[in-house]
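The structure appears right after this line, and notes come after that.
Rule-based calculations on the coordinates, nothing more; no lab input. Computed from a predicted model, the values in this text were never measured in an experiment. Here the Cβ positions follow ideal geometry from the backbone for every residue, glycine too, while neighbour counts run over all protein chains shown.
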Amino acid sequence: MRKTLDNLYRHLTAHYGPTHWWPGDTPFEVAVGAVLTQNTAWTNVEKAIAGLKAEHLLEPGALLECPTELIETALRPCGYFRVKTKRLRAFCRYLDERYGGSMTRMAETSLEDLRPELLDVNGIGPETADDILLYACDKPVFVVDAYTRRILGRHGLVTADIAYEELRATFEDAIEPDVQMFKEYHGLLVYTGKDFCRRKPKCAACPLQPLLEDGQPEG
């Protein structure tokens, strides 16, 4: 599996180059984006974050203190805005109570302790937690999303119903823990999923097509 994942990474890097994924000016903005991107396209998240910035709300204290309606209005473009307002405030409350509102202090906590803490916050599931851990806290955890499952599934590397933790372990067991590589690899899979491995795939133009033609990837 390590050889296969290395081949995937090499071909995607040759096609895309550095992705610089995840977008965000600060660790807190990255964390906010991770919460908001659930069940919506990233373009909608960008609009919501722009709305928060316009109202000077892109900090934990401001999000906890301002009227709920103001946050909901800003988050409306990303859908489920009432639910996401509650989830975003739940994260801010956790950050404030546990770490004094400091992402830096939060990032100083060990991965083994921090992941369970995040998963205990209302509305934060494994993917959102791992987004925050990897991209906002620089922890060596691999992020799995729908694109990851779809791409590997269509290449016959995993079953369609593989569980999140099992698929995450597949990457982490096969690849040396490297924060920058994990960031890039996930970004490459996001780009590939958006551009080629859609519900109606564009296989002929996909940068991974040569692997299939050569009888790769293989498990």
Inter-label distance for Glu108 and Glu65, nm, one decimal - labels placed 7 Å from Cα along Cα-to-Cβ: 2.4
Segment Glu55-Ala90, extension gain: residue separation times 0.36 nm, minus the distance between their alpha carbons: 10.7 nm
Cross-link pairs beyond the 31 Å C-alpha cut-off, checked among Lys139/Lys202; Lys47/Lys183; Lys84/Lys183; Lys53/Lys200; Lys84/Lys202: Lys139/Lys202; Lys53/Lys200; Lys84/Lys202
Matching label, Rg/Rh (Cα atoms, Kirkwood Rh) computed from the structure shown, candidates (1) 0.94; (2) 1.04; (3) 0.99: (3)
Two-decimal Rg/Rh across the stretch 27-136, once Rg and the Kirkwood Rh are taken from alpha-carbon atoms: 0.94
Coarse-grained scattering of the stretch 53-93 at q = 0.14, 0.23, 0.35 Å⁻¹, given as base-10 log I(q)/I(0) from a Debye sum over alpha-carbon atoms: -0.24, -0.68, -1.39
Helix-only [θ]222 nm of the chain, DSSP H runs n ≥ 4, -39500 (n - 2.57) each, per residue, nearest 500: -18000 deg cm²/dmol
